[in-house]
Amino acid sequence: MADKKSFFSKNKTCPFSTEGAQQINYKDVRLLGRFISEQGKIMPTRITFVSAKKQRELAKAIKRARFLALLPYVNGGGR
């Protein structure tokens, strides 16, 4: 009989809360791009494992970068 936890569990720590981690900055388009889906939506915490406080900062930075045209509002224009 198989174990109840036979699957591989991910590391569920916030990537921004560890010591020496990158700071969230609206000008860092590469960093913010990792947290945006292919459709251009902000990825949820349950997928990225970002803490609630940092998720709010991340969302604010993404929205600010979109407003300044550093990031697109929508990715992939057609069907």
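Within the range 32-72, which residues are of a type outside the set (Phe, Trp, Tyr) and on the phi > 0 side of the Ramachandran plot? Explain how you work it out, then say what you get.
Applying the first criterion (of a type outside the set (Phe, Trp, Tyr)) to the range 32-72 yields 32-34, 36-48, 50-66, 68-72.
If the condition is that a residue be of a type outside the set (Phe, Trp, Tyr) and on the phi > 0 side of the Ramachandran plot, then Gly40, Ala69 are the ones that fit.
Does the range 57-78 include one or more residues that are loosely packed, with under 12 Cβ neighbours inside 10 Å, at pLDDT below 95 and touching a helix residue (DSSP H, G or I) at 6+ places or on another chain (Cβ under 7 Å)?
Yes: one or more hits.
Would it be correct to say that Lys27 is part of a helix (DSSP H, G or I), modelled with pLDDT of 95 or more and more than 20 Å from Val74 (Cβ to Cβ)? Step through it out loud before you land on a result.
Values: part of a helix (DSSP H, G or I): no; modelled with pLDDT of 95 or more: yes; more than 20 Å from Val74 (Cβ to Cβ): yes.
Spelling it out, it is not the case that Lys27 is part of a helix (DSSP H, G or I), modelled with pLDDT of 95 or more and more than 20 Å from Val74 (Cβ to Cβ).
The values are calculated or read from the model by the stated rules, or taken from the named source; none is laboratory data. Keep in mind the model is a prediction, meaning the values are calculated, not measured. Cβ: placed from backbone, ideal geometry, glycine included. Neighbour counts: every protein chain shown.
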